[in-house]
Amino acid sequence: MADDATLRRLLAGIGRGEADQLAELYDLTSPKLYWLILRIQRDRAMAEDVLQDVYMRIWQAAGTYRPEAGPPLPWLCTIARNRAIDSVRRVVEHQGPD
């Protein structure tokens, strides 16, 4: 796992639209974020879809990350957690009550 300074640098680059920075961030953080998503989602195929959605969200929101608010990894994990919970809710809403 990369240190905070590296993750902050990558998020700043992503915020400027540098796609190569997103690829590097993905390489460094996707195992941890996938594990987190899989713990919530439980379905591997859905977890992979959520992970893709997480990085799309990171691409869109990187410019809003503020280092003074806290370290980057918890910020990334919060995005992943929220997307995973949303995906579970969508499935439950689609299936309806038992």
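Observations
- When each of MET56, MET46 is tested for being open to solvent by 90 Å² or more (accessible area, probe 1.4 Å), out of contact with any Gly (no Cβ under 7 Å at 6 or more places or on another chain) and part of a helix (DSSP H, G or I), the lone residue that passes is MET56.
- Answer from ALA12, ALA80, ALA62 - the residue that is surrounded by fewer than 17 Cβ atoms within 10 Å (Cβ to Cβ) and in a helix (DSSP H, G or I): ALA12
The values are calculated or read from the model by the stated rules, or taken from the named source; none is laboratory data. On a predicted model such as this, the values are computed, not experimentally measured, just so you know. In this analysis, Cβ positions are derived from the backbone assuming ideal geometry, glycine residues included, and neighbour counts consider all displayed protein chains. The accessibility values were calculated without ligands, DNA or RNA, using every heavy atom of the protein model including side chains. Shrake-Rupley method; radii C 1.70, N 1.55, O 1.52, S 1.80 Å.
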